[in-house]
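Colleague: Sharing a structure with you now.
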Amino acid sequence: MIYKVLDWYCDAWIVTERGLIDIRWSLFTKDMIFTEFHDISGIQSFQGTIFDKVFDIGDITLHKMGDEMRIMRMYQPDAIVEAIESHLEEHHHEESKPNPDMHIYLD
């Protein structure tokens, strides 16, 4: 039971100006995935039970080209989806402007 609570607590999404970082920690490993905004095709939230709706908890699915990322049991999933969608809109608006000097470096 303690492992499940820590597993849930240690998963996170970090929204940056270039994309999302999905971090998943477990007992012995750490997994990080960076997804740029131009790779994201959609995002949705799901609240499956009345309990979820009352306490405003739900699952969020990020659809990527040929894959998807899911983070479960998030507080205020609709607010998270709106925040990510606003970043997507800003990114797609900036993408239409020419910017030949833009570089992304990942460690």
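Colleague: Work out, step by step, the length gained on full extension between residue 54 and residue 73: first 0.36 nm times the residue separation, then minus their alpha carbon distance; give nm to one decimal.
Modeller: Numbers: separation 19, 0.36 × 19 = 6.84 nm, distance 1.31 nm.
Length difference between fully extended and current span is 5.5 nm.
Colleague: Further question on the same structure: Using each residue's phi in the range 64-71, evaluate 6.51 cos²θ - 1.76 cosθ + 1.60 at θ = phi - 60° and report the 3J(HN,Hα) Karplus result to the nearest Hz, with x for Gly and Pro.
Modeller: Once θ is set to phi - 60°, the couplings for the range 64-71 become 10, 5, x, 7, 8, 10, 10, 10 Hz.
Colleague: Taking only the alpha-carbon atoms of the range 2-95, what semi-axes of the equivalent ellipsoid follow from 5 times the gyration tensor eigenvalues under a square root, in whole Å, largest first?
Modeller: Values: eigenvalues 107, 67, 21 Å².
Over the Cα atoms of the range 2-95, the semi-axes work out to 23, 18, 10 Å.
Colleague: How far is it, in nm, from the label point at residue 2 to the one at residue 65 when both lie 7 Å from their Cα along the line to the Cβ?
Modeller: Each label point is offset 7 Å from its Cα along the Cβ direction, giving 4.5 nm.
FYI, it's all coordinate maths here, none of it is from the lab. Just so you know, these numbers come straight off a predicted model, no measurement behind them. We place every Cβ from the backbone using ideal geometry, glycine too, and count neighbours over all the protein chains shown.
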